[in-house]
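These notes concern the structure reproduced below.
The values are calculated or read from the model by the stated rules, or taken from the named source; none is laboratory data. Just so it is clear, the structure is predicted and the values come from calculations on it, not from any experiment. Cβ placement follows ideal geometry from the backbone for every residue including glycine, while neighbour counts extend to all protein chains displayed.
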Amino acid sequence: MPNPPNHRPKIVVLSGAGMSAPSGLATFRDSGGLWANHRIEEVATPEAWERNPQLVLDFYNQRRAQACAAEPNAGHRALAELERRYDVVVITQNVDDLHERAGSTRVIHLHGELTKARSTADESLVYDIGAKPIHLGDRCALGSQLRPHIVWFGEAVPLIEVATEEFRDAAKVLVVGTSLQVYPAAGLVEYAPAEAEKVHADLYTEHCPFGFRALTGSADQLLPPLVQRWLG
């Protein structure tokens, strides 16, 4: 006989930089954020890598060290708790591993992962590096330079189709820590079912999508009570 279908309701979470900000990780757009000291064109594009790979490596080595030193906050831990009752898929724009370290077991990283490096010759060659830096001269099995396993501006987002499919059968959708200004990730909310319960939790909810309930505040403060309500 076939296995019975999974009857646990599904929650899809779309998280952004505001999810990790309470853990001490700088966001990109706030004053004093990451882009205040670096122009995107200098550190986060394929052209930047071609022009000055050392600068790009230094930028991501610093970010990797900061992310690995950070700890999951109450918001991350609350989302992990949802797995007690729900089928939870976290789709994150973040490149840290705080969702995983908090206990979430299904995490899709749209923009890559700081704790991994990949080959410049074959993008399917990906290596776990943890907190270690990447140096010029560090090479993959094919002999090519390793680069951060990050989706840079101007590059395709390889997991966007996978993420789109996850949205289609969600019973609840939670958008947290993102003002929904970065595409294609922001467009995912358009695939949320009309009948799903939908919540947008962020410091900035002026662009709250149609059909979503806005909760204005920080992720670490908003998510624990929301999760307790959903757990009933």
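Scanning for something in contact with a Pro (Cβ under 8 Å, 6 or more places away or on another chain), more than 19 Å from residue 225 (Cα to Cα) and of a type outside the set (D, E, K, R), does segment 71-93 turn up at least one residue? No, every residue in segment 71-93 fails to be in contact with a Pro (Cβ under 8 Å, 6 or more places away or on another chain), more than 19 Å from residue 225 (Cα to Cα) and of a type outside the set (D, E, K, R).
The rows are residues; the columns are (1) more than 9 Å from the chain's Cα centre (by Cα); (2) part of a loop (DSSP other than H, G, I, E, B); (3) charged (D, E, K, R).
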{"site": "76", "(1), (2), (3)": "yes, no, no"}
{"site": "82", "(1), (2), (3)": "yes, no, no"}
{"site": "88", "(1), (2), (3)": "yes, no, no"}
{"site": "91", "(1), (2), (3)": "no, no, no"}
{"site": "95", "(1), (2), (3)": "no, yes, no"}
{"site": "99", "(1), (2), (3)": "no, no, no"}
{"site": "105", "(1), (2), (3)": "yes, yes, no"}
{"site": "117", "(1), (2), (3)": "yes, no, no"}
{"site": "123", "(1), (2), (3)": "yes, yes, yes"}
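Could you tell me which residue of segment 125-158 is nearest to residue 41 (Cα to Cα), considering only residues that are charged (D, E, K, R) and within 18 Å of the chain's Cα centre (by Cα)? Restricting to residues being charged (D, E, K, R) and within 18 Å of the chain's Cα centre (by Cα), the top hit is 155.
Within segment 192-215, the residues that satisfy the criterion of being touching a Phe, Trp or Tyr at 6+ places or on another chain (Cβ under 7 Å) and closer than 23 Å to residue 95 by Cα are 199, 200. Considering only segment 61-72, I want to know if a residue exists there that is more than 28 Å from residue 119 (Cβ to Cβ) and at pLDDT 95 or above. Yes; the residues of segment 61-72 include at least one that is more than 28 Å from residue 119 (Cβ to Cβ) and at pLDDT 95 or above. Being in contact (Cβ under 8 Å) with a residue 24 or more places away in the chain, buried (at least 20 other Cβ atoms within 10 Å of the Cβ) and in contact with a Phe, Trp or Tyr (Cβ under 6 Å, 6 or more places away or on another chain) is a property that does not hold for residue 102.
I need the full set of residues from segment 43-57 which are surrounded by fewer than 16 Cβ atoms within 10 Å (Cβ to Cβ), assigned to a helix (DSSP H, G or I) and over 21 Å from the mean Cα position of the chain (by Cα), in order please.
Those that are surrounded by fewer than 16 Cβ atoms within 10 Å (Cβ to Cβ), assigned to a helix (DSSP H, G or I) and over 21 Å from the mean Cα position of the chain (by Cα): 47, 50, 51, 53, 54, 55.
Screening the candidates 16, 33 for the property of being modelled with pLDDT of 95 or more and under 28 Å from residue 212 (Cβ atoms) yields one hit, 16.
For segment 186-214, what are the residues that are more than 22 Å from residue 22 (Cα to Cα), aliphatic (A, V, I, L, M) and touching a strand residue (DSSP E or B) at 6+ places or on another chain (Cβ under 7 Å)? Residues satisfying the conditions are 188, 189, 192, 196.
State whether the residues of segment 157-172 include one that is assigned to a strand (DSSP E or B) and either within 30 Å of residue 214 (Cβ to Cβ) or of a type in the set (D, E, K, R) (or both). Yes: segment 157-172 contains one or more residues that are assigned to a strand (DSSP E or B) and either within 30 Å of residue 214 (Cβ to Cβ) or of a type in the set (D, E, K, R) (or both). Here residue 192 meets each of (1) in contact (Cβ under 8 Å) with a residue 24 or more places away in the chain; (2) surrounded by fewer than 16 Cβ atoms within 10 Å (Cβ to Cβ) with one exception, condition (2).
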